[in-house]
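No value in this document is a laboratory result; all are computed from the given coordinates. This structure is a prediction, so every number in the text was calculated from the model and none was measured. Every residue, glycine among them, receives a Cβ derived from its backbone with ideal geometry; neighbour counts consider all protein chains shown.
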Amino acid sequence: MSPFQGYRGDGVLAGVRSRKRVFASAADEPVTATAPRRQKRREEPSLDALPDECLFEVLRRVRGARARCASACVSRRWLALLAGIRASEAVLAPPFPAVPDLNMEYLGGEEEEADLMDHDGDARERTFEGKEATDARLMAAAVAGRLAAVSVRGSHPARGVTDSSISALARGCPALRSLALWDVPQVTDAGLAEIAAECHALERLDITGCPLVTDKGLITVAQGCPELKSLTIEACSGVANEGLKAIGRCCAKLQAVNIKNCTHVDDQGVSGLICSATASLTKVRLQGLSITDASLAVIGYYGKAITDLTLARLPAVGERGFWVMANALGLQKLRCMTVTSCRGLTDLALASVAKFSPSLKHVNLKKCSKVSDGCLKEFAESARALENLQVEECNKVTLMGILAFLLNCSPKFKALSLVKCIGIKDICSAPAQLPVCKSLRSLTIKDCTGFTDASLAVVGMICPQLENVNLSGLGAVTDNGFLPLINSSESGLVNVDLNGCENLTDAAVSALVKVHGCSLAHLSLEGCSKITDASLFAISESCSQLAELDLSNCMVSDYGVAVLAAAKQLKLRILSLSGCMKVTQKSVPFLGSMSSSLEGLNLQFNFIGNHNIASLEKQLWHCDILA
C-alpha cells in the first residue's frame, strides 16, 4: 500500500479535520462591537442521558455495598435499575488488579464490607414496620444485599410494599433464609414466584394477612425452596388445599407448620401436608379451620415425629376425632399439647390422649367447656411424664378435682396454673386424705374470684416445696390466708407475684421477707393499696438477693425510697414506682444514688416532674427510665 494513499493535498488525511483549519475558520468570522460576548455553553455529559440498557450495564459493575447504596440514592431511576440486578448478574472484581485502586483502599474493599455485615446483626436482619414499610425502603435494603432475614409488618397506605420490592429483595439477596410478610395486601403470587426463583436457601416463610396470595404462589415456593423448615399461613383467604399439598410433597425438611384462619383450608389440605411430611414435621398448629375428625385421625396416625401440637377453635372436630387421634398410637413423641376452644375435647378424649402419649410433659387447656373433674384423676395416673399443667377458663374444673389430680400425679410434676376458672373456689369440707405434692415448684392461681383464705391455707399444706407463687387478682385473699402459705414453704420462695391482692398488708410482706429474704429474687406488689413504707423497711433489712421489685400503685412515699436507696446489700435491677402518688421530687437524690446494678426504673404517673427526670437520666446513665 502506498504511504501517500488517502493524501488529498490539503494538509490533512482523509476523514481527519485539520486543527489549523478549524481555528482559521473561526478566526475569519467578523467580530463587531455589537456581537454578543457570551457563547452558548455546551451541555455537560450525564449518565442520565444513557438509555436504561446502557445504564444497567454501568450499574452492574458497581462493586461493594457502600457504593451500591450511594448509587441508589442518586434517583428513583437508579434505585429501580439497581434493584433489578440479580446477584449473579453483578460483575465481580478481578482477583488481582494490575493497578491498585487508591479509592478502593480508602473506602474498604468488598470483602471487608462482607465481614462487617456478617458480624453486624442489624445488617443481616431488617424489619420494616407501619408507614416505614414502603417499596423504596425495601428496594434500598435489597440493593445493599447480604440480608438473611427480612420482616415486613404492615404497609404504607399509599406507597406500600408490592411485588416490585419483593422481586428486588429476591434478586439482591439470594441467600435470604427468613421472610415474614404481615398485613401486606399488595403482595401477590408474582412476588412469591421471584422469591422461589432466587432464594433457594429460604428456611422460614411467614405470610399473614396477604389476601392476594393463593395456592399458585405456595406451589412455586414449594418447588423453588426445598430447604423450607417453617411455614406460617394466617388469614390468607386465597390459600386453599393444593398449596399445602405441594409444600408437603416438595419440602422434605419441613419441621413446623402454622395454619390459622384460612377459610378455604379443609381436611384435604391438612391431611395431604401431614401425610407427606410425616418424617420431619415436629410442630403443628391448626387454628380457625374447617377441618373435621378426619384431620385429627391423620395427625394421630402419621404424626410420628410431632412433639408440639396446638389445636384451637376447631368447631367441626368432635370427641371422636380426639379419641381416634390418641388411639392411632402415632403420637409417641408428643411432649407439648395445647387445646383452645375445642368442644370435642371431653373427659374421655383427654384421658385417651394422656394414656397413649407416653412422652407428654406440658398440657395447656383453655376454654374447654367439657373438661371437668371427672377425668383429672385418670389423667394424672396416665400422664406419668407430665411436668406442667395449665388450665384456663375451664369452668367445670373445681378445687376437688385439682386435689385429686395432685394426689395421683407423677413425681415429675412441677408446675400448675389455674387462670380465670370460676369453679376454683372454697370447698365446704376438706377431703379425708389431703395430698402432699413435694415435686410441685410453681403454682399460679390467677383471677379465680372464688378463691379465698380457706383454700390458700389448704394449698400451703399440700405444696411444701414451692419456689414460684403467682396469686394475681385474688382480691379476697388476706394476711390470714397468705401467712400459712409462707410458713409452710420449706425450700424458699424465689418469685412471688401478688398483683391485685388489695387486702394484703405490711404484716404479710414483712413475714414474707423475714422467712424468705435470702432466696427472694422477684417480688410484685402492684395494686396492693395497703402496702406502705413499712414493707420497704422490712425489704431493705431482710432481702439480699432481690433483683426485681414492683411497687406500682402502692402507698409508699419518699421515705420508703430513701430507705431502699440506703440499703447497701440490695442490688436491684428493676424498680417500678408507677402510680405511687406519694413519691415526689424529694425522692430524686435518693434514686440518683441507687446501686449501679439498676437497669430499669418506672416513674410513670407520679409527681417527680419532667425536669427532675432529665436530671436522673444524667445520673443513672446506665439505666432505662420510663416516665
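Worth pointing out:
- Separation between Cα centres of region 441-458 and region 484-525, rounded to whole Å: 14 Å
- Taking all Cα pairs closer than 8 Å and separated by 6 or more residues, the relative contact order of region 334-433 comes to 26 percent.
- Distance histogram for region 187-292 (every C-alpha pair counted, 5 angstrom bins, percent rounded to whole numbers): 3, 14, 28, 28, 19, 7, 1, 0
- Cα-based shape type of region 454-503, given that a ≥ b ≥ c are square roots of the gyration tensor eigenvalues and the cut on a/c is 1.5: oblate
- Check: region 397-491 dipole with +1 on Lys, Arg Cβ and -1 on Asp, Glu Cβ, in debye: 360 debye
- Here region 180-247 was treated as a single set of alpha-carbon atoms; its pair distances binned every 5 Å from 0 give 4, 19, 34, 29, 13, 1 percent.
- Distance between modelled label sites at Asn408 and Arg66, nm, 7 Å Cα→Cβ extension: 7.1 nm
- About its Cα centre, region 186-249 has a charge dipole of approximately 180 debye under the convention of +1 per Lys or Arg Cβ and -1 per Asp or Glu Cβ, with nothing else charged.
- Under a 5 Å amide H cut-off, with hydrogens placed 1.01 Å from N, Phe128 pairs with Ser151, Val152, Arg153 among residues at least 5 apart or on other chains.
- Under the Karplus curve 6.51 cos²θ - 1.76 cosθ + 1.60, θ = phi - 60°, whole-Hz ³J(HN,Hα) for region 266-279, x wherever Gly or Pro sits: 9, 4, 4, x, 5, 5, x, 5, 5, 5, 6, 9, 4, 7
- Derived scalar couplings ³J(HN,Hα) [region 251-256; Karplus, 6.51 cos²θ - 1.76 cosθ + 1.60; whole Hz; x for Gly, Pro]: 9, 6, 9, 4, 10, 9
- Estimated vicinal HN-Hα couplings, Hz - region 571-585 in sequence order (Karplus 6.51, -1.76, 1.60; Gly, Pro = x): 10, 5, 9, 10, 9, 10, 10, 5, x, 7, 5, 8, 8, 10, 5
- For region 304-321 and region 123-193, distance of Cα centres in Å: 34 Å
- Near Ala197, once Lys and Arg are set to +1 and Asp and Glu to -1 for all other residues with Cβ below 13 Å from its Cβ, the sum equals -2.
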